[in-house]
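The next block holds one structure in the form of structure tokens; read it before the comments.
Each value in this text was obtained by applying a stated rule to the coordinates, not by laboratory testing. Quick caveat: nothing in here was measured; it's all calculated off a predicted structure. Because the Cβ atoms are built from the backbone with ideal geometry, glycine has one as well, and the counts that use them run over all protein chains shown.
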Amino acid sequence: MILSASGAHHYEMPLSLRSFTSLKRALLSSSSPSLLLRGSSLVPTMAASSTTTVSSTDAGAQLNQSAPSSPPVQVAKRLEKFKTTIFTQMSSLAIKHNAINLGQGFPNFDGPDFVKDAAIEAIKAGKNQYARGYGVPDLNSAIASRFQKDTSLVVDPEKEVTVTSGCTEAIAATILGLVNPGDEVVLFAPFYDSYEAVLSMAGANIKCITLRPPDFAVPLEELKSVVSANTKAIMINTPHNPTGKMFTWEELEFIAKLCKENDVLVFTDEVYDKLSFEMEHISMASLPGMFNRTVTLNSLGKTFSLTGWKIGWAVAPPQLTWGVRQAHSFLTFATSTPMQFAAATALQTSDSYYEELKRDYLAKKAILVEGLEAVGFVVYPSSGTYFVVVDHTPFGFENDVAFCEHLIEEVGVVAIPTSVFYLNPEEGKNLVRFTFCKDEATLRGAVERMKQKLRKR
Ligand code: GLN
């Protein structure tokens with residue numbers, strides 16, 4: 001399937017509009033002042049003040065009679081098709097319905113004290129002005145050391161490491177800094193939502209390859225048929241959000257060969273590398289001949305349960321780092337200084353931290369996976385990340401959105417409908433994602449609610 005990320009090419013929304021609309025209505029009637037319904041999409045208001053809230057066009061309801069003349073929301077064409085992110089929508093609904101949130105992937109437990117203490121110390125020590133644009137030297141060095149430990153590759157912290165505001169900014173800086181309008185970029189669906197949005201901002205042509213259950217393996221021949229000398233880059237994500245799939249050596253080798261034959265770059269999002277359970281994580285950059293054409297993206301948030309700190313990075317050879325840094329300079333210029341010092345402390349921790357993290361997550365994963373199976377889902381194997389994807393169709397709902405809506409309103413549990421992670425939402429209509437980055441009581445509570453209240457339609 002070949003689609004332009006920027007044009008008006010997109011599939012008709014085949015999801016039940018009724019379902020989507022009622023999800024939106026639920027949001028609309030929530031107390032969140034920062035959202036409003038406009039046409040068929042939820043979009044952020046330009047100001048959070050309730051006086052700027054405007055009407056719902058399809059409901060014909062005037063939300064706020066006192067401000068009928070508020071200007072219509074505007075958005076550039078390249079972002080027109082994107083809605084309020086599914087994570088924001090679902091977390092708002094979780095609060096509104098007092099539901100257990102197994103949707104957005106943020107831990108409901110805190111990061112380690114030694115890292116928090118390092119941040120407090122850095123603030124007290126006056127490390128509070130702009131950081132060097134591409135990262136404080138301590139953090140660049142800590143990232144280079146960790147990269148060497150993980151991949152055996154020696155990188156220059158000054159020329160090959162760029163610190164960003166979370167991996168989401170690293171993804172944006174990589175794409176905006178290296179992809180020209182019209183360039184073809186290969187994506188694997190389901191994909192993390194920001195990839196498509198940023199490719200659209202860059203004016204890229206997306207070529208999408210769908211990974212299918214049960215194992216979400218890369219369809220090698222199909223991939224080969226879309227990669228050519230016109231391909232600029234292949235975007236990969238391993239361990240993979242939302243499926244938990246991890247790219248195997250054979251798959252990475254096949255992709256690497258295609259890249260070398262066709263002079264293609266790889267952008268690889270590896271933020272869940274320390275949450276690999278069923279197999280060893282393999283970095284694309286570590287494959288023979290690949291470092292020079294690879295941008296490796298990572299962050300602190302998942303590994304240290306500090307998703308709100310927004311410290312990320314890109315590791316790439318100097319010629320690619322140049323483009324990444326040019327974009328980064330004008331996106332955010334620099335990232336929070338004290339948090340960077342604390343991140344450097346975090347990354348210097350011993351391996352036992354990662355072993356314990358994995359042990360904890362394996363226990364959580366077992367609770368959720370066994371629970372979901374007992375409830376009656378078809379649970380697909382997840383090798384890494386803190387997500388599992390299930391097939392909800394045993395319960396008889398028409399699609400993932402309708403199922404998630406029922407799950408929130410009638411059962412009190414939030415999951416993520418996966419159709420938003422596909423160019424063609426139909427392909428995700430049977431699948432929903434649950435996260436297990438919650439304490440064990442929360443996971444057990446969610447399973448219990450589903451056991452008691454979730455029934456076949
Ligand atoms: N990475 C998180 C997830 O997949 C979401 C982050 C966000 O809300 N943008 O759940």
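Pairs are defined by a Cβ separation below 9 Å, a sequence spacing of at least 6 or placement on different chains, a first member in the range 102-118 that is acidic (Asp, Glu), and a second member that is more than 16 Å from the ligand (Cβ to nearest atom); the pairs so defined are Asp110/Lys116; Asp117/Ala342; Asp117/Thr345.
Within the range 290-319, the set of residues being among the charged types (D, E, K, R) and farther than 20 Å from Leu275 by Cα comprises just one member, Arg293.
Of the residues Arg359, Arg325, the single one that is in a helix (DSSP H, G or I), free of Cβ contacts under 8 Å to residues at least 24 places away in the same chain and either within 16 Å of Tyr272 (Cα to Cα) or basic (Lys, Arg) (or both) is Arg359.
Restricting attention to the range 72-99 and to residues that are not hydrophobic (A, V, I, L, M, F, W, C) and not in a loop (DSSP other than H, G, I, E, B), the residue that is farthest from Ala204 (Cα to Cα) turns out to be Lys96.
The criterion of being farther than 18 Å from Ala285 by Cα, within 18 Å of the chain's Cα centre (by Cα) and more than 16 Å from the ligand (Cβ to nearest atom) holds for Ala173.
The number of residues in the range 416-435 that are touching a strand residue (DSSP E or B) at 6+ places or on another chain (Cβ under 7 Å) and within 12 Å of the ligand (Cβ to nearest atom) comes to 6. Inside the range 436-457, residues that are assigned to a helix (DSSP H, G or I) and more than 16 Å from the ligand (Cβ to nearest atom) make up a count of 11.
Note on the range 171-198: residues that are over 25 Å from Glu253 (Cβ atoms) and in a helix (DSSP H, G or I) total 9. Among the residues of the range 83-124, the one identified as out of contact with any Ser or Thr (no Cβ under 7 Å at 6 or more places or on another chain), within 18 Å of Val432 (Cα to Cα) and more than 14 Å from the ligand (Cβ to nearest atom) is Ala99. Tell me yes or no: at least one residue of the range 390-401 is in a helix (DSSP H, G or I), within 16 Å of the ligand (Cβ to nearest atom) and buried (at least 18 other Cβ atoms within 10 Å of the Cβ). Yes: one or more hits. Of all residues in the range 310-332, exactly one satisfies the criterion of being closer than 24 Å to Val115 by Cα, surrounded by fewer than 24 Cβ atoms within 10 Å (Cβ to Cβ) and either more than 19 Å from the chain's Cα centre (by Cα) or among the hydrophobic types (A, V, I, L, M, F, W, C) (or both), namely Thr332.
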